[in-house]
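In what follows, a structure is listed as structure tokens, so that the remarks can point back to it.
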Amino acid sequence: MGEHRVENLSYEGPMWCWCRGTLDCDIDGTHYRFEPFWESGGSITCDSDGNYYAIEGDWMLNKNYIPKGITVEMAEAVIDAMNDQIPKGCCGGCI
């Protein structure tokens, strides 16, 4: 797998649905704007008292939604950069 340079990440999304945001970034010097091809690795859990909590988790690639024009390797590099620079999901908006 080749190395791809992912820079200038900017992520915007609603607080109640952070996992469905929009990502702007440069890959190998070309600017892209992406709708989600990622998923939150976070989850919702419930304790024995019936209280629900959001658990944050790493961003994960959903290969079914990789946009045309980028390779799996490019998408994987974007996910790695997101995990380094973008606050993790899950925000708890699904509760």
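The values are calculated or read from the model by the stated rules, or taken from the named source; none is laboratory data. Keep in mind the model is a prediction, meaning the values are calculated, not measured. Every residue, glycine as well, gets a Cβ built from its backbone with ideal geometry; the counts of neighbours run over all protein chains shown.
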**OP:** Of all residues in the stretch 53-83, count the ones that are modelled with pLDDT under 95 and hydrophobic (A, V, I, L, M, F, W, C).
**Re:** 2
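The rows are residues; the columns are (1) touching a His at 6+ places or on another chain (Cβ under 9 Å); (2) among the aliphatic types (A, V, I, L, M).
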{"residue": "Glu3", "(1), (2)": "no, no"}
{"residue": "Leu9", "(1), (2)": "no, yes"}
{"residue": "Cys25", "(1), (2)": "yes, no"}
{"residue": "Ile55", "(1), (2)": "no, yes"}
**OP:** Evaluate the stretch 45-68: report whether one residue or more is of a type in the set (A, V, I, L, M, F, W, C), out of contact with any strand residue (DSSP E or B) (no Cβ under 7 Å at 6 or more places or on another chain) and in a helix (DSSP H, G or I).
**Re:** no
Subject >> Failed item in (1) under 10 Å from the mean Cα position of the chain (by Cα); (2) surrounded by fewer than 16 Cβ atoms within 10 Å (Cβ to Cβ), with Val78 passing the rest >> reply: (2)
Subject >> Residue selected from the stretch 15-44 under the condition among the aromatic types (Phe, Trp, Tyr) and not in a strand (DSSP E or B), by the criterion nearest to Gly92 (Cα to Cα) >> reply: Trp16
**OP:** Filter the stretch 8-34 down to residues that are aliphatic (A, V, I, L, M) and at pLDDT 95 or above and give me whichever is surrounded by the fewest Cβ atoms within 10 Å (Cβ to Cβ).
**Re:** Leu9
Original post:
Within the set of pairs 6 or more residues apart or between chains, which connect a residue that is over 7 Å from Phe37 (Cα atoms) inside the stretch 59-70 to a residue that is hydrophobic (A, V, I, L, M, F, W, C) and modelled with pLDDT of 95 or more with Cβ atoms less than 6 Å apart?
Top reply: Trp59/Trp38; Trp59/Ile79; Trp59/Met82
Original post:
Within the set of pairs 6+ apart or on separate chains, which have a first residue in the stretch 6-30 that is touching a residue at least 12 places away in the same chain (Cβ under 8 Å), a second that is part of a helix (DSSP H, G or I), and C-beta atoms under 6 Å apart?
Top reply: Val6/Ala77; Val6/Val78; Val6/Ala81; Leu9/Ala81; Leu9/Gln85; Ile27/Met74
